[in-house]
1. Please work out if PRO162 is over 30 Å from GLU321 (Cα atoms), open to solvent by 30 Å² or more (accessible area, probe 1.4 Å) and under 19 Å from the mean Cα position of the chain (by Cα).
2. Take the residues in segment 124-149 that are in contact with a Leu (Cβ under 8 Å, 6 or more places away or on another chain) and among the hydrophobic types (A, V, I, L, M, F, W, C); name whichever of them is farthest from ALA83 (Cα to Cα).
3. Residue check: is THR21 hydroxyl-bearing (Ser, Thr, Tyr) and out of contact with any strand residue (DSSP E or B) (no Cβ under 6 Å at 6 or more places or on another chain)?
4. In this structure, does VAL91 turn out to be within 30 Å of GLY227 (Cβ to Cβ), open to solvent by 10 Å² or more (accessible area, probe 1.4 Å), of a type in the set (A, V, I, L, M, F, W, C) and within 18 Å of the chain's Cα centre (by Cα)?
5. Give me the pairs: first residue in segment 39-50 and farther than 13 Å from THR89 by Cβ and at pLDDT 95 or above, second residue of a type in the set (Phe, Trp, Tyr) and open to solvent by less than 40 Å² (accessible area, probe 1.4 Å), beta-carbon distance under 8 Å, and six or more apart or on different chains, which are they?
6. So ARG109 ticks every box in (1) farther than 20 Å from SER137 by Cβ; (2) open to solvent by 40 Å² or more (accessible area, probe 1.4 Å); (3) of a type in the set (Lys, Arg) but one. Which box is left unticked?
7. Looking for whichever is in contact with a strand residue (DSSP E or B) (Cβ under 6 Å, 6 or more places away or on another chain) and either polar (S, T, N, Q) or more than 29 Å from TRP209 (Cβ to Cβ) (or both) here; the options are SER137, SER108, SER128, SER141. Which one fits?
8. Determine the pairs where a residue that is touching a residue at least 60 places away in the same chain (Cβ under 8 Å) and open to solvent by less than 40 Å² (accessible area, probe 1.4 Å), located within segment 132-159, has a partner that is in a loop (DSSP other than H, G, I, E, B) and charged (D, E, K, R) with Cβ atoms under 7 Å apart, the partner being 6 or more residues away or on another chain.
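The values are calculated or read from the model by the stated rules, or taken from the named source; none is laboratory data. All of these numbers come straight from a predicted model, not from anything done at the bench. Neighbour counts run over all protein chains shown; Cβ positions are idealised from the backbone, glycine included. The accessibility values were calculated without ligands, DNA or RNA, using every heavy atom of the protein model including side chains. Shrake-Rupley method; radii C 1.70, N 1.55, O 1.52, S 1.80 Å.
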Amino acid sequence: MKLSVSLGLWQDRPPEEALETARAAEAAGYPELWIGEMATWDAFALGTAIGAATSRIALTFGPLAVTVRDPATIAMGVASVAALTGRATGVALGTSSDVVVRGWHGRSRSRAATALAESAIAVRQLVSGSKSTVDGSVVGSQGYRLRLAAPNSPLTIAAFGPRALEVAARYADRMVVNLVSPAAAASLVRGLRAAAARAGTTPPPVAAWVVGAADPGQAELEQLRRGVVGYLAAPGYADMFRAEGFGELVDFARTRPHPRELLAAVPVEAIAAVGLLGAPSEIAAKAREYAEAGVDELAIVPATSDEDPGGAKTLAAVAAELA
């Protein structure tokens, strides 16, 4: 199975720790680093800094919210980092959440799947060096061509619902799923393959972002427990956690308790259901479950702490066990 690393961008850690994770990923031999974008860094600014702090690791940006960033700005950002760092670059697109799109950015998520498809077409045109020709009903770009060298970035689509699976089947070089159990990943892989059959396309490989902590201490466990709190009542994710045996926890989350109360109720087992946690043998066994589910790549999102800054211990342990 292919391995890569995704920055956790943990809110309980110094923002600059992202650079430590990038250096640790390269030192452990991972070929690719995913640089997401939510509440902290501008992805392209951070990617440029990471390019200066490392020597060879490839950089994939996103998933970027297609209702926040338009195709031209996405292509310019990716091409800018490629030109400034000399790195291979990829781009991932997604629809993000109501909190990010509507709340933080004041944009609409209406017809998000259409925006995802139209953005995928336009971004692919632009990163290949072509002039954009998309006159979409939600997103468009016409008549623009990169002035920088075309990065020829592969395109990844983030998918969780059925409409995003259809977009990934038609337009993606790779699909990515986030925070899923092996059983949920298997269901999404089946959905992708069915969508590809309907579209007459070859299903792209599937990557799964999975949190990871090798022989975690209390600080890493608390960080990972905090990280799942916002997903427990979310559509789709709630069903997944219920299927994994955490129905009472989901029901409690849907009563909208104070986050501290909900955090206190999250067991370590809920994290282990959606990630690589524990001793090397446990990590290897869980990785096999993802492989059997049809996942082609694990993107490790390492827990970090003062005892394991940047997640270096976890990244080295996972690489050694799964290489």
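1. Working: over 30 Å from GLU321 (Cα atoms): yes; open to solvent by 30 Å² or more (accessible area, probe 1.4 Å): yes; under 19 Å from the mean Cα position of the chain (by Cα): yes.
The answer is yes for PRO162.
2. Only one residue tops the list, namely LEU126.
3. Numbers: hydroxyl-bearing (Ser, Thr, Tyr): yes; out of contact with any strand residue (DSSP E or B) (no Cβ under 6 Å at 6 or more places or on another chain): yes.
Yes; evaluated as a whole, the condition is true for this residue.
4. Details: within 30 Å of GLY227 (Cβ to Cβ): yes; open to solvent by 10 Å² or more (accessible area, probe 1.4 Å): no; of a type in the set (A, V, I, L, M, F, W, C): yes; within 18 Å of the chain's Cα centre (by Cα): yes.
No: the conditions fail for VAL91.
5. Once the first residue is farther than 13 Å from THR89 by Cβ and at pLDDT 95 or above and sits in segment 39-50, no partner that is of a type in the set (Phe, Trp, Tyr) and open to solvent by less than 40 Å² (accessible area, probe 1.4 Å) comes close enough.
6. Among (1) farther than 20 Å from SER137 by Cβ; (2) open to solvent by 40 Å² or more (accessible area, probe 1.4 Å); (3) of a type in the set (Lys, Arg), the lone unmet condition for ARG109 is (1).
7. Working: SER137 fails: in contact with a strand residue (DSSP E or B) (Cβ under 6 Å, 6 or more places away or on another chain); SER108 fails: in contact with a strand residue (DSSP E or B) (Cβ under 6 Å, 6 or more places away or on another chain); SER128 fails: in contact with a strand residue (DSSP E or B) (Cβ under 6 Å, 6 or more places away or on another chain).
None of the others qualify; the one that does is SER141.
8. VAL139/ASP70; SER141/ASP70; LEU155/ASP173; THR156/ASP173
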